[in-house]
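K.L.:
Handing you a structure now.
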Amino acid sequence: MSFYECMKLALSSLKTSKLRSALTLLGIVIGIASVISMMSIGEGGRRLVTMELSGLGANLIFVQPDYAREAMSGGRTDSLTYEDAQAMRKGCPALATVSVSQMGMVAVKYGKDRYNVSATFTDEGLASTQEAGLKEGRLFTELDVRMQRWVTIIGGGLANRLFGKEESAIGAKVKVNGQNFAVIGVMKEQGRTMFGENPADMSAYIPITHSRRMTGSDDVAYISCEAQDVKQVKEAMDQIKGVLAQRHGKDSSFNVMSSASILETTETITRIFTVILGGIGGISLLVGGIGVMNIMLVSVTERTREVGIRKAVGAKKGDILRQFLFEAIALCLVGGAMGIILGWAGASLIAKIAKWPTYVSLFSITVAVISASFAGVAFGVYPAYKAANLDPIEALRYE
Amino acid sequence: MIVVQDVEKIYDTGKVQVAALRGVSLEVESGESMAIIGPSGSGKSTLMNIVGCLDRPTSGSYLLDGRLVNELSDDELAEVRNKKIGFVFQTFNLLPRATALENVELPLVYSGVQSAVRRERALSALERVGLGERADHRPNELSGGQAQRVAIARALVTEPSIILADEPTGNLDTKSGLEIIGMLKKLHEQGITIILVTHNPEIASKTDRFVEIRDGLIVREGKGTDLGKRTDTQEGKGEGI
């Protein structure tokens, strides 16, 4: 029996029980649609993160305490401090900028308004990296940091809430954790992100030297640096390691990562994320596939006599096997095609409603098509095998 | 030519072994017409299934046109059924959702005949049984006699050398039954070997010769014409030959 005839036969027997075929189809449609839309969520997220990271510039270098070692060995790792950043400014000629960062939550109060916002404790390095982001006022100077001046720079969103559009924030005194700070700068608003309001808009910068009092520690979470240019990234990383070894000893361990390697790691992580999401969608495909198998088994039982007749007039095992297998595959492929369309529509809907940048990749469509055909074969082969191995005499007698 | 030698068929149901055939030998020449008679449960259907290559004997041998059927694989048996044998069943066994024409086409589908040729041959087979006009009807739109004629057309369409008819008139009224028998007789005149399984001696008497089976053994053989004179109950006295 030719391929064409198998397909024709499969479609005609699916047509004879329309409702049943449609319901079985629905299982596959939903399964494939969820694979497609789940993967589009993951893929969209991946692209967004990658895009944002590559926006950072290729000459970025991050230095962090080796938290992994801390977690593994239980011991305390070496901490980074403001002094390390100062030493790097002097000792690493390949670096253009160095800035420290430590995160914390602070309460910012002006008049009656009080907001809990995230604070970035940083230093004069901010001036070289965030210059473009400044809306008005100025950024920290070395003196601000060293002298522990009571100054702060606030995000655009926070400035709007505290001072409104008319009042100028610059020079105003706000209370940060109860202490008076003078606002010396306001950052530009960055607008909404996929999570809603951009947290950067509701944050404050505070000189790192205040962090001991406010967070209880001198430690710096990370130091971000920029190499003079992309070609000097490697050289700069070596210089950083040299400075740190000098200050903390040869056994000290810090993670010195370039933006390229961070990008790579993030890509790997987000890709795994996509695969996991796809896997969650795959579970519903599995359920749909079991539905196909269930219906095919019922169908084989119902059509036992038909199998007997076909065998009596000369159908070989392979003919019967193909007949039923093609029915299952046809169900899954038609369901798969409809699922791709539905999944695509679902992805666009998610993008619209949840403001999440979904992306239907060729990869996810390929995965969907392969899993649909695989489901057809996997869940169709047992019923088809059962049909093919029916004894013709028994099958003919079946009522 | 059919040569069955000491054929036994034992069904193993796990606990008990049931012998459906206990050493049957039979020869049917090409072009002969023969009836296998016997009460239900005698083993006549089992014999027909073996002769029809739907089943294999447990022991003994079966030569069909010089070929040892015992050793054939399932697929080879299917091919033999497709090429050499046409079946006519008591319950017609037509595909209910297919038209008469599609039903007749079915054996040709499995012998790989092109769709256009298939259609043509199926139509001419239907015309041979006088149902050319009913090609587009489904089995439920046909009378019992017509359905059985479609089944005969299906049996004929591959131009087999043997037609096996298992109680072909069992579900039909007398008139339609006679029509069917007449049709089989005509096919026999055209040179096709006809093997008829029946418990009706009246119908069996229309064949060249008969064998009678009881409890898995051939108990009597004779000319078809001998049967017409007897009734069903008298037949039983033949035991012990």
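The values are calculated or read from the model by the stated rules, or taken from the named source; none is laboratory data. Keep in mind it's a predicted model, so treat the numbers as computed, not measured. Here the Cβ is made from the backbone with ideal geometry for all residues, glycine too, and neighbour counts use every protein chain on show. Quick note on the areas: whole protein, heavy atoms, side chains included, nothing else; ligands and nucleic acids left out. Shrake-Rupley method; radii C 1.70, N 1.55, O 1.52, S 1.80 Å.
K.L.:
Select from region A:230-256 the residues that are charged (D, E, K, R) and at pLDDT below 85 and list them in ascending order.
P.N.:
A:LYS250, A:ASP251, listed by residue number.
K.L.:
Residues in region B:49-100 that are among the acidic types (Asp, Glu) and more than 13 Å from chain A (Cβ to nearest Cβ): how many?
P.N.:
Number of matching residues: 2.
K.L.:
Based on this model, can you work out whether A:ILE329 counts as crowded, with 24+ Cβ neighbours inside 10 Å, in contact (Cβ under 8 Å) with a residue 40 or more places away in the chain and within 14 Å of another protein chain (Cβ to nearest Cβ)?
P.N.:
Taking the combined requirement at face value, the residue does not satisfy it.
K.L.:
Still on this model: Anything in region B:1-52 that is in contact with a His (Cβ under 9 Å, 6 or more places away or on another chain) and either buried (at least 23 other Cβ atoms within 10 Å of the Cβ) or in a helix (DSSP H, G or I) (or both)? List them, or say none.
P.N.:
Selection gives B:ILE37, B:GLY38, B:LYS44.
K.L.:
Among the residues of region B:1-48, how many are over 22 Å from B:LYS206 (Cβ atoms) and of a type in the set (Val, Ile, Thr)?
P.N.:
Total satisfying the criteria: 9.
K.L.:
For region B:145-186, enumerate the residues that are open to solvent by 30 Å² or more (accessible area, probe 1.4 Å), part of a helix (DSSP H, G or I) and in contact (Cβ under 8 Å) with a residue 12 or more places away in the chain.
P.N.:
B:GLN146, B:ARG149, B:LYS175, B:GLU179, B:MET183, B:LYS185
K.L.:
From the list A:GLU302, A:GLU264, which residue is within 30 Å of A:TYR4 (Cβ to Cβ) and of a type in the set (Asp, Glu)?
P.N.:
Only one candidate passes the filter, namely A:GLU302.
K.L.:
How many residues, within region B:78-107, are more than 14 Å from the chain's Cα centre (by Cα), surrounded by 24 or more Cβ atoms within 10 Å (Cβ to Cβ) and not in a helix (DSSP H, G or I)?
P.N.:
Number of matching residues: 1.
K.L.:
Could you please give the count of residues in region B:10-40 that are within 24 Å of B:ARG209 (Cα to Cα) and in contact with a strand residue (DSSP E or B) (Cβ under 9 Å, 6 or more places away or on another chain)?
P.N.:
Within region B:10-40, residues that are within 24 Å of B:ARG209 (Cα to Cα) and in contact with a strand residue (DSSP E or B) (Cβ under 9 Å, 6 or more places away or on another chain) number 20.
K.L.:
Okay, moving on. Among the residues of region A:358-392, write down those that are free of Cβ contacts under 8 Å to residues at least 24 places away in the same chain and assigned to a helix (DSSP H, G or I). Walk me through it before giving the result.
P.N.:
In the first step, residues of region A:358-392 are kept if they are free of Cβ contacts under 8 Å to residues at least 24 places away in the same chain; the result is A:362, A:366, A:370, A:374, A:391.
Passing the criteria: A:LEU362, A:THR366, A:ILE370, A:PHE374.
Per-residue answers, yes or no, for (1) open to solvent by 20 Å² or more (accessible area, probe 1.4 Å); (2) not assigned by TED's automatic domain parsing to the domain that holds A:PHE324:
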{"site": "A:LYS15", "(1), (2)": "yes, no"}
{"site": "A:LEU26", "(1), (2)": "yes, no"}
{"site": "A:SER40", "(1), (2)": "no, no"}
{"site": "A:ARG46", "(1), (2)": "yes, no"}
{"site": "A:ALA96", "(1), (2)": "yes, yes"}
{"site": "A:VAL108", "(1), (2)": "no, yes"}
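K.L.:
Which residue, of A:SER168, A:SER211, is hydroxyl-bearing (Ser, Thr, Tyr) and surrounded by 17 or more Cβ atoms within 10 Å (Cβ to Cβ)?
P.N.:
A:SER211
K.L.:
So which residues in region A:306-318 are farther than 15 Å from A:SER13 by Cα, part of a helix (DSSP H, G or I), of a type outside the set (A, V, I, L, M) and facing chain B (nearest Cβ under 7 Å)?
P.N.:
Let us first name the residues in region A:306-318 that are farther than 15 Å from A:SER13 by Cα, namely A:308-309, A:311-318.
In the following step, the residues that additionally are part of a helix (DSSP H, G or I) were identified as A:308-309, A:311-312, A:317-318.
Applying the additional criterion that residues be of a type outside the set (A, V, I, L, M) yields A:308, A:311, A:317-318.
Those that are farther than 15 Å from A:SER13 by Cα, part of a helix (DSSP H, G or I), of a type outside the set (A, V, I, L, M) and facing chain B (nearest Cβ under 7 Å): A:LYS311, A:LYS317.
K.L.:
Filter region A:28-38 down to the residues that are within 20 Å of the chain's Cα centre (by Cα) and of a type outside the set (A, V, I, L, M, F, W, C), then identify the one that is surrounded by the most Cβ atoms within 10 Å (Cβ to Cβ).
P.N.:
So the first thing to find is which residues in region A:28-38 are within 20 Å of the chain's Cα centre (by Cα), and the list is A:33-38.
After this cut, where a residue has to be of a type outside the set (A, V, I, L, M, F, W, C) as well, the list is A:34, A:37.
Details: A:SER34: 24, A:SER37: 26.
Across region A:28-38, the extreme among qualifying residues is A:SER37.
Here's the yes/no breakdown for (1) modelled with pLDDT under 85; (2) farther than 30 Å from A:ALA354 by Cβ; (3) polar (S, T, N, Q):
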residue: A:SER168; (1), (2), (3): yes, yes, yes
residue: A:LYS173; (1), (2), (3): no, yes, no
residue: A:GLY191; (1), (2), (3): yes, no, no
residue: A:MET194; (1), (2), (3): yes, no, no
residue: A:MET202; (1), (2), (3): no, no, no
residue: A:PRO207; (1), (2), (3): no, yes, no
residue: A:HIS210; (1), (2), (3): no, yes, no
residue: A:THR215; (1), (2), (3): yes, yes, yes
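K.L.:
Report, ordered by the first and then the second residue, all pairs with beta carbons closer than 7 Å, sequence separation of six or more or different chains, a first member in region A:213-229 that is on the phi < 0 side of the Ramachandran plot, and a second member that is open to solvent by less than 60 Å² (accessible area, probe 1.4 Å) and of a type in the set (Phe, Trp, Tyr).
P.N.:
Taking only residues 6 or more apart or on different chains, the pairs are A:VAL220/A:TYR82; A:TYR222/A:PHE62; A:SER224/A:PHE62.
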